[in-house]
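Each reported figure results from applying straightforward, stated rules to the coordinates on display, with no laboratory input. Keep in mind that what you see is a predicted model, and the values were worked out from it rather than measured. Don't worry about glycine lacking a Cβ; one is built from the backbone with ideal geometry, like all the others, and counts go over all protein chains shown.
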Amino acid sequence: MRRKKINIDIVAFSLAVVCITGCFLLAYTPRLEHDTRGISNIALYKEVGDTALFSEVYNLRDKFLSHPKPTIYSERTSNAFWIRFTIDPSAEYQDASRRYIHIPNASLEQIDVFYPDGSRIRAGKRIPGNQLAVKSRTWYLPIPHNLKADAEVYIRIRTNTIMWVPLYISTTQEMFNHTQKETLLFGSFFGILFAILFVNLFSFIIVKNKNFLLYVFYLLSLIIYHLRVHGYLYFLPISFDTLERILWLSLCGVGVFMVLFSIYFLELKKRAPLMRIVLYFCAALFLPQTLLGLCLQSYWANQFAYVTGFIIPLLIITTTARMYFQGHQEVRYYLLAWAALFTATLIWSTAAYAEAQIPANYFFIAGTTIDSLLFTLAIFDLIRKQLSDRQQVLEREKYYQDLSRTDPLTGLYNRRYLNEIVKRLEADRELPESSAMIMIDLDNFKEINDTHGHLTGDIILTKTGTKIKRHIRKSDIACRYGGDEFLIFLPGAHALAAKTIAENIRNDVIADAVFSEKGEPVYITISIGLTENRPGDSFDGLFLRADAALYQAKKTGRDKIEVL
């Protein structure tokens, strides 16, 4: 079974490696762009400082450098970029009711579009939602109807995030279709995250496992972070500065709760105490990062975030992998989850230094969705392992408990357990007023042992114990009281019922033969003493009368039942 599990793990890890490699290839393999997206004659100018006016830039035509494709990319910079281009008079747009410049990057902060007629349209995160020409998660900038085909359009963009500016020309219908697709994509994403959050919250309420609660706080922080990063909080009447603080507070929650979750989930206190200290230190690193963000020093906070976003996942993955190879197979899902999250985070982070061919936020969405599912599976797998271990402990305890209170030869209770249960019943005053007792003794058992051997004697004892269990009720207590003596306590039974049980046992025993080591059939008879409880009786009184009845049966010829 262990080999099968390891083989399954190998397949899972191999598939994860293939998926991770495929993600990086999709993200960073250069591709030729044949579609100009309705835009041509693109040129760029990098503004020095942050004070240039459109009239000034318009006169710096020789400073603009030609750009070969309709996607502008630059590493993170505090400078503004000016983009100059013309819009193609394509036939497919001639009948469109309205055209828009579409910039599908929700993270851009300031976008100013200058048309030849002197009109100016603003967009970006810093612009209040009620001032946007089109309210959308990404930026749609209306194109004037009277714009000439060869007229030059200028766009000024300034942002503290990655300078990634994909330019498209879209019609109203295309805008509607694109918005529908994005709504479906992000709706599915947030739906999955909220579903996982409620599953973990409900699981915490049921099983009271703190891993679930820590993961709920992580998911809540992650959802707020995604809502902010992907532009859905822009629709709320919240200032840009407040949105920035929400971003860094939610990112702090993501980091801190994930570190705490890792410490408790991996049980680092006993398994890797040094790594536990290191991770606590890493969690403390989110404090200066968050303080920078709260002070609106986003550029430096981002630089800090690249360090924490790379080092902490790498430490956790290394620790988890080491634990897995030490034999803790229950961390497999956790390792796979971190692989997915680290891949998404790495692509998301490195997009600041290398242009991604597919928007990095899509990888981040997919990665966090997969990691949330796998993290939840990891918690349930750990709980399953803990329950399995606990069950094994309980079974082992039960096994040793049974050994201490049962007779190993017959499987009946032993004399010590009978004394314990009687004392407990008497102390709790739960000894039934109506009860009976049967005492059984094997006739001439010593002679059988001496004549046919102890192995034959043991077989007889075992068979007798089996026959007793066959005829008594579940509520009756049967034990091997001595070498060849058996006692049955029947709570709630009267003498007539007890005698019927005793007769059935006697008939069953005498009808069955045991074969000796030489193959000789050996028959045995039993003597039985029986009594029922009397008013004011104690267990000891009941026992003494049953013993006296047994003595009477043996004294008067054996192979009979005597009732007192």
Task: CD proxy at 222 nm, helix term only [per DSSP H run n ≥ 4: -39500 (n - 2.57); per residue of the chain; nearest 500] - done: -18500 deg cm²/dmol
Task: Alpha carbon centroid spacing (whole Å) that separates the stretch 292-366 from the stretch 14-29 - done: 15 Å
TODO: Work through the residues other than Phe240 whose Cβ is under 15 Å from its Cβ and net out their charges, Lys, Arg +1 and Asp, Glu -1.
DONE: +3
TODO: For the stretch 39-175, just say rounded, prolate or oblate: build the C-alpha gyration tensor, square-root its eigenvalues into a ≥ b ≥ c, call rounded for a/c under 1.5, and beyond that prolate if a/b exceeds b/c, oblate if not.
DONE: oblate
Open item on the list: Taking 45 Å as R0, compute the FRET efficiency from the Cβ-Cβ separation of Asp62 and Leu291 and round it to 0.05.
Closed with: 0.50
Open item on the list: Based on alpha-carbon centroids, what's the gap between the stretch 487-552 and the stretch 437-484 in Å, whole number please?
Closed with: 10 Å
TODO: Give the dimensionless ratio obtained when the Cα radius of gyration of the stretch 159-288 is divided by 2.2 N^0.38 Å.
DONE: 1.34
- [ ] Report the full-extension gain for the segment Asp450 to Thr29: residue separation times 0.36 nm, less the Cα-Cα distance, to one decimal in nm.
- [x] 142.5 nm
Open item on the list: If I take R0 = 25 Å and measure r between the Cβ atoms of Phe325 and Lys270 in this structure, what FRET efficiency does the formula 1/(1 + (r/R0)^6) give, to the nearest 0.05?
Closed with: 0.90
- [ ] Sort Asp150, Asp88 so that the residue with the fewest other Cβ atoms within 10 Å of its own Cβ comes first and the one with the most comes last.
- [x] Asp150, Asp88
Open item on the list: If you take every residue apart from His452 with its C-beta less than 10 Å away from the C-beta of His452, what net charge results, scoring Lys and Arg +1 and Asp and Glu -1?
Closed with: -3
Task: Globularity ratio of the stretch 234-383, using Cα Rg and 2.2 N^0.38 Å - done: 1.10
Task: Per principal axis, descending, Cα span of the stretch 415-563 in whole Å - done: 52, 29, 22
Task: Cα pair distances exceeding 40 angstrom across the chain, given as percent - done: 53 percent
Task: Listed residue pairs exceeding 28 Å between alpha carbons, taken from Lys385/Lys423; Lys423/Lys560; Lys208/Lys474; Lys446/Lys474; Lys46/Lys148; Lys469/Lys554 - done: Lys385/Lys423; Lys423/Lys560; Lys208/Lys474; Lys446/Lys474
Open item on the list: Taking 0.36 nm per residue of sequence separation and subtracting the Cα-Cα distance, how much length would be gained by fully extending the chain between Leu315 and Lys181, in nm to one decimal?
Closed with: 44.5 nm
Task: Those residues of the stretch 452-467 whose amide nitrogen sits under 17 Å from the label point placed on Phe515, 7 Å along Cα→Cβ - done: 452-453, 455-460, 463
Open item on the list: Assuming 0.36 nm per residue, please report the length gained on full extension of the stretch Lys69 to Tyr232 beyond their Cα-Cα distance.
Closed with: 55.8 nm
Open item on the list: If R₀ is 22 angstrom, what is the calculated FRET efficiency for the pair Arg384 and Tyr306, using the beta carbon separation as r and rounding to 0.05?
Closed with: 0.05
Open item on the list: Suppose a student asked you for the relative contact order of the chain, using Cα pairs under 8 Å spaced at least 6 residues apart; what percent would you report?
Closed with: 10 percent
Open item on the list: Compute the helix-to-body angle for 495-510: its Cα long axis versus the longest principal axis of the chain, expressed 0 to 90° and rounded to tens.
Closed with: 90 degrees
- [ ] Over the stretch 503-564, consider all pairs of different Cα atoms and compute the Kirkwood hydrodynamic radius from their mean reciprocal separation; express it in Å, one decimal.
- [x] 13.1 Å
TODO: Grab the other residues whose beta carbon is less than 12 angstrom from that of Leu44, score K and R as +1, D and E as -1, and report the net.
DONE: +4
